[in-house]
1. Can you confirm whether the stretch 14-21 contains a residue that is out of contact with any strand residue (DSSP E or B) (no Cβ under 8 Å at 6 or more places or on another chain) and touching a residue at least 40 places away in the same chain (Cβ under 8 Å)?
2. Taking the conditions exactly as written (modelled with pLDDT of 90 or more and either out of contact with any Pro (no Cβ under 9 Å at 6 or more places or on another chain) or more than 25 Å from residue 14 (Cβ to Cβ) (or both)), does residue 48 satisfy them or not?
3. Which of the strands (runs of 3 or more DSSP E) contained wholly in the chain include at least 2 residues that are of a type in the set (A, V, I, L, M, F, W, C) and surrounded by fewer than 14 Cβ atoms within 10 Å (Cβ to Cβ)?
4. Would you check which residues across the stretch 22-78 are within 22 Å of residue 2 (Cβ to Cβ), in contact with a Phe, Trp or Tyr (Cβ under 9 Å, 6 or more places away or on another chain) and in contact (Cβ under 8 Å) with a residue 40 or more places away in the chain and list them?
Amino acid sequence: MGCSIKGYGKEGPLITDGHPTGLILNHAYGIRDVISLDDFGGEKVNLIFLRNPWGKGEWTGAWSEESEEYKRNLSALKKYNETLDLDE
């Protein structure tokens, strides 16, 4: 599966609230995984893991690798990763 961000004639980085998000307008992404996770705060959170086929750009918002959400829930994410069946 895949997804994209429509740029309505614009190309380049997606800016939200004055900050670059790491995503690119008019660009396609592969959907790597979709999970539902119990957040450290007790709320259920739905996450979509995207893959950039160009290999450039990194999400910088909530749940990015440098975010507080990610750091707070790292143990739950690692636990989820341990349940994955990896191809040999």
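1. Checked the stretch 14-21: at least one residue is out of contact with any strand residue (DSSP E or B) (no Cβ under 8 Å at 6 or more places or on another chain) and touching a residue at least 40 places away in the same chain (Cβ under 8 Å).
2. Yes: the conditions hold for residue 48.
3. Those strands (runs of 3 or more DSSP E) span 28-38, 44-51.
4. 22, 35, 50, 64, listed by residue number.
The values are calculated or read from the model by the stated rules, or taken from the named source; none is laboratory data. Please read these numbers as outputs of a predicted model, since none were measured by experiment. Using ideal geometry, Cβ is built from the backbone for each residue, glycine included, and neighbour counts are taken over all protein chains shown.
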